[in-house]
Protein chains: 2
Amino acid sequence: MNKNTNNETNKITSQKENFSQWYLDVIREADLAENSPVRGSMIIKPYGYALWEKIQKILDIEFKKRGTQNAYFPLLIPKSFLEKESEHVEGFAKECAIVTHHRLEKKDGKLVPAGELEEPFVVRPTSETIIYDVISKWINSYRDLPLIINQWCNVMRWEMRPRLFLRTTEFLWQEGHTAHATKKEADEKTLEMLEVYKKFVEEYMAISVVKGKKTEIEKFPGAEYTSTIEAMMQDRKALQSGTSHMLGQNFAKSFKVSFLDEKQEKQYVWQTSWGLSTRIIGALIMSHSDDKGLVLPPKIAPLQIVIIPIWGNKEEKKVVFDEIEKIKAELETSQVTYKVDEREGRPGFKYFEWERKGVPLRIEIGPKDVQKKSVVIVERVSGKKEFVSNNEISSCVQQSLERIQKTLLENSRKFRLENTREVFDYEEFKKIMSEKEGFIFAHLCLDKNCEEKIKEETNASTRCIPFEDGLDNAGKCIYCRKDALNKVLFAKAY
Amino acid sequence: MNKNTNNETNKITSQKENFSQWYLDVIREADLAENSPVRGSMIIKPYGYALWEKIQKILDIEFKKRGTQNAYFPLLIPKSFLEKESEHVEGFAKECAIVTHHRLEKKDGKLVPAGELEEPFVVRPTSETIIYDVISKWINSYRDLPLIINQWCNVMRWEMRPRLFLRTTEFLWQEGHTAHATKKEADEKTLEMLEVYKKFVEEYMAISVVKGKKTEIEKFPGAEYTSTIEAMMQDRKALQSGTSHMLGQNFAKSFKVSFLDEKQEKQYVWQTSWGLSTRIIGALIMSHSDDKGLVLPPKIAPLQIVIIPIWGNKEEKKVVFDEIEKIKAELETSQVTYKVDEREGRPGFKYFEWERKGVPLRIEIGPKDVQKKSVVIVERVSGKKEFVSNNEISSCVQQSLERIQKTLLENSRKFRLENTREVFDYEEFKKIMSEKEGFIFAHLCLDKNCEEKIKEETNASTRCIPFEDGLDNAGKCIYCRKDALNKVLFAKAY
């Protein structure tokens, strides 16, 4: 389906030359997604969607283990709902798709919107308002708590500078919403779900992240606080990879989500919400891929092994394919996913194509290999070639896949640490941010002005106050030199 | 979460008294779904959504076995796309949600739509137009065919008389879209996918259906023909339960989906599309449920067995729960889903609640049962009670579940056949349709006028020309008495 591999536009720009073009080239050549005729909305192509399906499957199991129930709420949100929480509407009103009519009618030979709605609807940018209105009727008593709901769905935030996966007007995500009897439980849930994201992103995506709390400026509109995991891409920019919000009682009060406690007294619930979106696929691409194309960690790869038969004539083909049947039988005993590329055509062309798609391992097998009772196994990332005898294929590929998974995470962690600098002087801060970029770890006071000025002057925003070493780490504010209670992670960000 | 079981509104109206109210009562008491603040859109509650998840899982495997690849296309469709296929736009323009603006702005203290779009968008009622525009760029050569794509998503068709699951403005579904080199392949694909639906609905949902072809009036707007499976509900009305459309080259020509064949000549592709929606859950409810509430066939039930411990004091509780651990260990060896209802409270109340939720089997176990080394197993549908000794629980429940599944399908088939009548005289037709209802099998000419008149006069629409006995079964038209080539199934329908 990817026509580009057959024509001249299939070049992948080198990362060093132009990171941003490299990113788009990798997506195109791996056939993950493309722009659509609806500006800002993307098409997730089958190979990209297979990644999303794996993400969904893994996370859904983790959610359900923790008592989460999936449900589905309306796509459209009455405008008046959005208006009920003042910070929330401020945050989302500027980028909403608005439904104003409910049919098309012929007028002067053209179809025009008709059936104007009394109250316009907003296509959900996120669903706190509609879900909390609904669950206010579900919750009566402390016995109905905690309520732990999740939905997998599409959302829209009108995007002026769209970029595949990273910023799209429509995107897919999950949004979890919980209600608790006490603040303590809500605090714990917020961090529990952040940890679920961290584990998933590190264990499966092999992306090392920093856990922390957002500043007031960067938090979710309407939240008491936002916790986040922040990753570093290969261009040393930050990418927020999952957020979990402690909403306090803000929405509960706006939407009257209350319950009778054990003493029969009315209390507002404490709430959390947490989400992870198709944006994470952008993070995956920018964390591991190289100038040869996509690189996928084995645990998230839709396909882990591709087997390439090599033959010159009919007899050879038969010999090779017979041997492949035996290899398949052996692979079936392990839990790896594999595919035989049975197409006609030069092996070199096939290598090239599967490399671009980031398949972690390639097994090459020709007539000589059959004679020697062995195959050649090639690793996507290192390019390392190994001759493996037939009876060791299964154990060898399993070990390789495990090792690759581990190495990718280690590399991600090393790269982040190498490019994270502790800075105490603003001149140095500016110099680093303009030359080396990466993460800067520095003291910041609570004055919003300092944070805004730094962003204006250096293009670096605060990513989070890291839970480790950031919170309650006193010093002098990097900008105004006044007392600061926390150290903050700064970076240019996606 | 279902508060209704605790107050006075929890009555289920009897089917005979008021089928339509009974339907809503069953949904409410089983906690499947509810109306939302957005008129016409429903909330699928966790228990209802669990059904949808099972449906998705089963169908998705069947689709993938047949080479289908999942992908995701934009929610919004440019108005001009809808206009390209004339029959198609006729069919959908009257019931579309239209997006006309992309933000909200403060004006006189109120938020009003702003940022008017140059071209309005339609929230997808179905995705033929946008998908075919996109794949016209994916397909160049016969080597790119067949293309078999599916998406799981939400769609909107503005609904003036909404009804939970059956007619909702927003609903969830899957839509499959294929492109083929030849008419023959497209014809085959159309019927292959209809058969997938039929097997699924019969084997899992235990609903017996009739396969057939829609008449010109009832076909999908823009299709060459529509094939359908039609089921009979317990009120003897029909419910269309899945459709598969042969689109011919209609859309291919409008959207320029062409390819170079082996002779390097340009050809238009032949296309199909096929869909099954959350509507099927309405069919499920109306096929099997009774005055005690929901009835679920075991193969689609999110929970197959509920275990109810019975105890009077602490010692008894310990004895009973210890025994339950052993039962659980035994059940783990079989592939059944079960849950222990560990809540405090009277067993009778629990029986009542799980009956309403349609759980196929209930296992009761009290201190006396522990002594006797046996349990009581009760079937939801028949109410049949059986004492089963502990070492036979696993085999007994498996047999029961299989038998229940089979019986439900047999009952559905029997009921449909008993209420299907062959009629040759229009007076008789009218009498049956007003008194007994059900399906009527009668000859119909190809004149649209006859079909419309019958609908006007009897409220019965054509459901399909059954593949078995309907096509090429000549006789005299039931309405005009002229020659008719086919026999058609008529019914009042949802």
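The values are calculated or read from the model by the stated rules, or taken from the named source; none is laboratory data. The structure displayed is predicted, hence computed values, not measured ones. Here the Cβ is made from the backbone with ideal geometry for all residues, glycine too, and neighbour counts use every protein chain on show.
Among the residues of region A:383-417, just one is among the hydrophobic types (A, V, I, L, M, F, W, C) and without any contact (Cβ under 8 Å) to a residue 12 or more places away in the chain, namely A:Leu417. Taking the conditions exactly as written (of a type in the set (A, V, I, L, M), outside the structural domain of B:Gln234 (by TED's automatic domain parsing) and either in contact with a Ser or Thr (Cβ under 8 Å, 6 or more places away or on another chain) or surrounded by 18 or more Cβ atoms within 10 Å (Cβ to Cβ) (or both)), does B:Val388 satisfy them or not? For B:Val388, the condition - of a type in the set (A, V, I, L, M), outside the structural domain of B:Gln234 (by TED's automatic domain parsing) and either in contact with a Ser or Thr (Cβ under 8 Å, 6 or more places away or on another chain) or surrounded by 18 or more Cβ atoms within 10 Å (Cβ to Cβ) (or both) - is met.
Against the condition within 11 Å of chain A (Cβ to nearest Cβ) and either polar (S, T, N, Q) or farther than 30 Å from B:Met246 by Cβ (or both), how does B:Glu34 come out, does it pass? When the stated conditions are applied, B:Glu34 passes them.
Kindly establish whether A:Lys368 is over 17 Å from A:Lys299 (Cα atoms) and not aliphatic (A, V, I, L, M).
Working: over 17 Å from A:Lys299 (Cα atoms): yes; not aliphatic (A, V, I, L, M): yes.
Here the answer is yes, as A:Lys368 does meet what is asked.
All of A:Ala114, A:Ala71, A:Ala97 fail the test of being within 7 Å of chain B (Cβ to nearest Cβ), of a type in the set (Gly, Ala, Ser) and either over 20 Å from B:Lys106 (Cβ atoms) or surrounded by fewer than 20 Cβ atoms within 10 Å (Cβ to Cβ) (or both), apart from A:Ala71. A:Tyr338 passes every criterion in (1) surrounded by fewer than 13 Cβ atoms within 10 Å (Cβ to Cβ); (2) at pLDDT 95 or above apart from (1).
Looking across region A:158-174 at every residue that is within 12 Å of another protein chain (Cβ to nearest Cβ) and in contact with a Phe, Trp or Tyr (Cβ under 7 Å, 6 or more places away or on another chain), the one that is surrounded by the most Cβ atoms within 10 Å (Cβ to Cβ) is identified as A:Thr169. Selection within region B:122-134: residues that are in contact with a Leu (Cβ under 7 Å, 6 or more places away or on another chain) and more than 9 Å from chain A (Cβ to nearest Cβ). The member of this set that is nearest to B:Leu82 (Cα to Cα) is B:Thr129. Among the residues examined, A:Ile43 qualifies as modelled with pLDDT of 95 or more, in a strand (DSSP E or B) and on the phi < 0 side of the Ramachandran plot. On the given criteria, is A:Pro221 in contact with a Pro (Cβ under 9 Å, 6 or more places away or on another chain) and not assigned by TED's automatic domain parsing to the domain that holds A:Arg346? Considered against the rule, which asks whether it is in contact with a Pro (Cβ under 9 Å, 6 or more places away or on another chain) and not assigned by TED's automatic domain parsing to the domain that holds A:Arg346, A:Pro221 comes out as no. Looking only at region A:455-468, residues that are surrounded by 15 or more Cβ atoms within 10 Å (Cβ to Cβ) and either charged (D, E, K, R) or closer than 15 Å to A:Tyr225 by Cβ (or both) come to 6 in all.
Which condition number does A:Gln56 fail, the rest of (1) under 25 Å from B:Ile44 (Cα atoms); (2) in a helix (DSSP H, G or I); (3) facing chain B (nearest Cβ under 9 Å); (4) of a type outside the set (A, V, I, L, M, F, W, C) being met? Failed condition: (3). Restricting attention to region B:72-88, does a residue exist that is part of a strand (DSSP E or B), of a type in the set (Phe, Trp, Tyr) and in contact with a Pro (Cβ under 9 Å, 6 or more places away or on another chain)? No: region B:72-88 contains no residue that is part of a strand (DSSP E or B), of a type in the set (Phe, Trp, Tyr) and in contact with a Pro (Cβ under 9 Å, 6 or more places away or on another chain). For region A:288-367, the strands (runs of 3 or more DSSP E) that sit wholly inside it and include 1 or more residues that are more than 33 Å from the chain's Cα centre (by Cα) and in contact (Cβ under 8 Å) with a residue 24 or more places away in the chain are A:305-309, A:361-365. If you go through region A:61-93 and keep only what is closer than 18 Å to A:Asp133 by Cα and small (Gly, Ala, Ser), you end up with A:Ala71, A:Ser80, A:Ser86.
Scan region A:137-157 for residues that are surrounded by fewer than 22 Cβ atoms within 10 Å (Cβ to Cβ), under 25 Å from B:Glu53 (Cα atoms) and either under 27 Å from the mean Cα position of the chain (by Cα) or not hydrophobic (A, V, I, L, M, F, W, C) (or both) and jot them down. Matches in region A:137-157: A:Lys137, A:Asp144, A:Pro146, A:Leu147, A:Ile148, A:Gln151, A:Trp152, A:Cys153, A:Asn154, A:Val155. The single condition among (1) in a helix (DSSP H, G or I); (2) more than 27 Å from B:Gly282 (Cβ to Cβ) that B:Lys455 does not satisfy is (2). How many residues does region B:40-52 contain that are at the interface with chain A (Cβ under 7 Å from one of its Cβ atoms) and touching a residue at least 12 places away in the same chain (Cβ under 8 Å)? Number of matching residues: 4.
Taking into account only those residues within region A:59-68 that are of a type outside the set (Phe, Trp, Tyr) and part of a helix (DSSP H, G or I), which is surrounded by the most Cβ atoms within 10 Å (Cβ to Cβ)? Walk me through how you get there before you give the answer.
Quick first cut of region A:59-68, residues of a type outside the set (Phe, Trp, Tyr) only: A:59-62, A:64-68.
Of the ones still in play, those that are also part of a helix (DSSP H, G or I) are A:59-62, A:64-65.
On the way: A:Leu59: 22, A:Asp60: 16, A:Ile61: 9, A:Glu62: 14, A:Lys64: 13, A:Lys65: 9.
Out of the qualifying residues, it is A:Leu59.
The C-beta contact set for region A:159-172 (first residue within 15 Å of B:Ala71 (Cα to Cα), second residue among the basic types (Lys, Arg) and part of a loop (DSSP other than H, G, I, E, B), distance under 9 angstrom, 6+ apart or interchain) comprises A:Glu170/A:Arg157; A:Phe171/A:Arg157.
Take region A:472-493 and flag every residue that is over 12 Å from A:Ala460 (Cα atoms) and assigned to a loop (DSSP other than H, G, I, E, B). A:Asp472, A:Asn473, A:Ala474, A:Cys477, A:Ile478, A:Tyr479, A:Cys480, A:Arg481, A:Lys482, A:Leu485 - these are the residues of region A:472-493 that are over 12 Å from A:Ala460 (Cα atoms) and assigned to a loop (DSSP other than H, G, I, E, B).
Limited to region A:267-279, what total is found for residues that are touching a Gly at 6+ places or on another chain (Cβ under 8 Å) and surrounded by fewer than 24 Cβ atoms within 10 Å (Cβ to Cβ)? Spell out the reasoning first.
Initial filter on region A:267-279 (touching a Gly at 6+ places or on another chain (Cβ under 8 Å)): A:270-276.
Retained after the next criterion (residues that are surrounded by fewer than 24 Cβ atoms within 10 Å (Cβ to Cβ)): A:275-276.
Going through region A:267-279 one residue at a time, the tally reaches 2.
Which ranges mark the strands (runs of 3 or more DSSP E) fully within region A:377-452 that have 3 or more residues being over 22 Å from the mean Cα position of the chain (by Cα) and either modelled with pLDDT under 95 or not aromatic (Phe, Trp, Tyr) (or both)?
Numbers: elements: A:385-389, A:420-422, A:439-444.
Qualifying strands (runs of 3 or more DSSP E): A:385-389, A:439-444.
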